Amino acid sequence: MLRLAGASLRRQIVLLSILASSTALLLACAAFVVFEVITFRAAMVQSLATHAQVIAANTKAPVLFQDARAANETLSALRAEPAIMYVELLLPDGRPFARYLRSDLVAPPERASLPAGVLHRFERNALVLTHDVVSDGVTIARLYLQSDLRQQQARIRRYLTITGFILVVSLVAGFAMSARLQRRISEPILGLVAAARTVSDQKDFSVRASTLAAGEVGLLGKTFNEMLATLQSQDADLRRAVAARDEFLSIASHELKTPLTPLQLQVQKLQLTARRHGDDPLAQKIASGLDVMDRQVVRLTTLVNTLLDISRITSQQLRLEPEEMDLSALVREVVTRSAQELRRAGCELHLSADTPAMGFWDRSRLDQVITNLLSNAIKYGAGKPIEISVVGRDDRVQLGVRDHGIGIAQQDQDRIFGRFERAVSLNSYGGLGLGLWIVRQIVEASGGTISVESQPGQGALFTVDLPRRATGGPS
Ligand SMILES: Nc1ncnc2c1ncn2[C@@H]1O[C@H](COP(=O)(O)OP(=O)(O)OP(=O)(O)O)[C@@H](O)[C@H]1O
Ligand SMILES: [Mg+2]
């Protein structure tokens, strides 16, 4: 069987057209041969019957006069007809009166008996025919003739040879023709395939397929191009919308940041003043209110910084400013800064970052990485211990942050590093779903990787693997 399923379009068209034309050709040749055999057989019967009539006419007298010699002589005239193998003249009682045997035969072939009323019949290798010798309405003898089918077989062989030859020639011609003609169908379709591939690989909607082909294939190209034009304009709209959003985010976060620094300074100044009057119950009340305000201002600053980071990262403006630094020292610093937060959440911290882990990194960006991972561990693992470790190995350093909180389901572990991706409901835990996305951008820009191991309900371990000096990656 021809295997078409995996073949190329060109091959399929060529194979199908050859298959169709050779089937039609074979059927036509078979019909022709069958027709030839039927007409040839009819002609054979006709010719043998004519010979029988002539012999019957010429042997009538020898039979009437019991002249077997004359009858044999008449029969021997059949030498001129090489297809006739054997002829016998039988008297009505069945006795043979005269006979003829072709010279190349040693013994007469077995005589076939024809049923009553049947005057001729085709045997496997011979045509058998009987004819009555009649005189004055009385049958005086019966002729039995047997003719071989060599001629017919030779003729069939010749036809088969011719058919085979025609088939080969037409297959070769058909192949050459369909190989040329298939281009009309396959080329526009292959053009479409190439255009579709460019669109899907390069996201380039400006390509267009050829619409020169006629009929449905041309219509397909036209419809495909219309679809691309729609996609192209939608893509442009989307890009404009995204650019406008990023621009807005960038301006808004800058504008929001401006009043925050003086606000925080003012709060801290007022805190100092209130503490100076520590004995006064009103001053104590004001001081605790200012503590709350201070925390909220810090939170607001973090949120605005996050917004600023998104606009910077999406517009490819995340610039790293690497310097020689100790990651262990930085981790200790962040932990100290988060002491209050840890206490409030009831998280005991186990730190293993005693040995210096030197590298060439952007300090404030790594600060962000550690802060984000730690604040996640506090948020999603409140009331449970947290372990942070820094391990230096040759030219790499690993930072591990493990908590014993709610954990992350297997199917969420990839997507939580995406923008705005969260695996918890907003009602249970606040957040934008941006922390890990920013962490990953910074880690990858520093040439490192971040991964997570977790089981739901059993906490999570985030591991950041950093080269001591970034060798590439986006900046
Ligand atoms: N330590 C953790 N344990 C369990 N789930 C976590 C942990 N860290 C992150 N996740 C899951 O990953 C999601 C994405 O974390 P990510 O820090 O990016 O966003 P967020 O914490 O929801 O918000 P924010 O932008 O304020 O950080 C979280 O919403 C949470 O479902
Ligand atoms: Mg977070």
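The values are calculated or read from the model by the stated rules, or taken from the named source; none is laboratory data. None of these values were measured; they are calculated from a predicted model. Backbone-built Cβ (ideal geometry, glycine too); neighbour counts: all protein chains shown. Accessible surface areas use protein heavy atoms only, side chains included; no ligands, DNA or RNA. Shrake-Rupley method; radii C 1.70, N 1.55, O 1.52, S 1.80 Å.
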Radius ratio Rg over Rh of segment 243-343, counting only Cα atoms, Kirkwood formula for Rh: 1.09
Diffusion coefficient, µm² s⁻¹, Stokes-Einstein with Kirkwood Rh over alpha-carbon pairs of segment 31-175 at 10 °C and 1.306 mPa s: 94 µm²/s
Surface share of carbon and sulfur [accessible, 1.4 angstrom probe, percent] for segment 66-135: 51 percent
At least 27 Å along the helix axis (C-alpha) and Kyte average at least -1.0, DSSP helices within the chain: 9-64, 150-202, 215-276, 281-314
Amide H partners (placed H, <5 Å) of residue 397, local residues excluded: 466, 468
Computed over the chain: relative contact order in percent, which uses C-alpha pairs under 8 Å that are six or more apart: 9 percent
Residue-span extension gain [residue 260 to residue 50] - 0.36 nm each, minus C-alpha spacing: 63.0 nm
Structure-based [θ]222 nm, the chain - -39500 (n - 2.57) summed over DSSP H runs of at least 4, per residue, nearest 500: -20000 deg cm²/dmol
Residue 162 versus residue 341: modelled label distance in nm, points set 7 Å from Cα along the beta carbon direction: 9.8 nm
Residue-count net charge about residue 428 - beta-carbon cut-off 11 Å; Lys, Arg +1, Asp, Glu -1: +2
Rounded to the nearest 10 Å², the accessible area of residue 93 at probe 1.4 Å: 100 Å²
Percent RCO, i.e. relative contact order, over segment 1-116, from Cα pairs under 8 Å lying at least 6 residues apart: 14 percent
For peptides 150-160, 42-52, 114-124, sequence by mean Cβ density within 10 Å, most packed first: 42-52, 150-160, 114-124
Partners for residue 222 among lysines (Cα-Cα distance below 29 Å; same-chain residues under 8 apart left out): 203
Share of alpha-carbon pairs per 10 Å distance bin for the chain, given as whole %: 3, 12, 13, 11, 8, 7, 7, 6, 5, 5, 6, 7, 5, 3, 1, 1, 0, 0
Three-way shape call for segment 105-239 based on the alpha-carbon gyration tensor, with the a/c threshold at 1.5: prolate
Lysines with Cα under 24 Å of residue 269, excluding same-chain neighbours fewer than 8 positions away: 257, 285
10 Å-binned pair-distance histogram of segment 125-190 (Cα, whole percent): 16, 18, 16, 14, 12, 10, 8, 5, 1
Accessible area (Å², per residue) of the chain, counting only protein heavy atoms and a probe of 1.4 Å: 60 Å²
Alpha-carbon gyration tensor eigenvalues x 5, square-rooted, for segment 369-475, Å: 24, 16, 11
Net charge contributed by nearby residues that have their C-beta within less than 11 Å of residue 359 (K/R +1, D/E -1): -1
Label-point separation in nm, residue 410 to residue 429, each point 7 Å along Cα→Cβ: 2.0 nm
Relative contact order (percent, whole number), segment 392-473, Cα cutoff 8 Å, 6+ residue spacing: 43 percent
Distance from segment 31-77 to segment 276-337 (C-alpha centre basis), Å: 124 Å
Contour minus Cα-Cα distance for residue 22 and residue 204 (0.36 nm per residue): 61.1 nm
Sum of side-chain charges, residue 232 neighbourhood, beta-carbon under 12 Å (Lys, Arg +1; Asp, Glu -1): -1
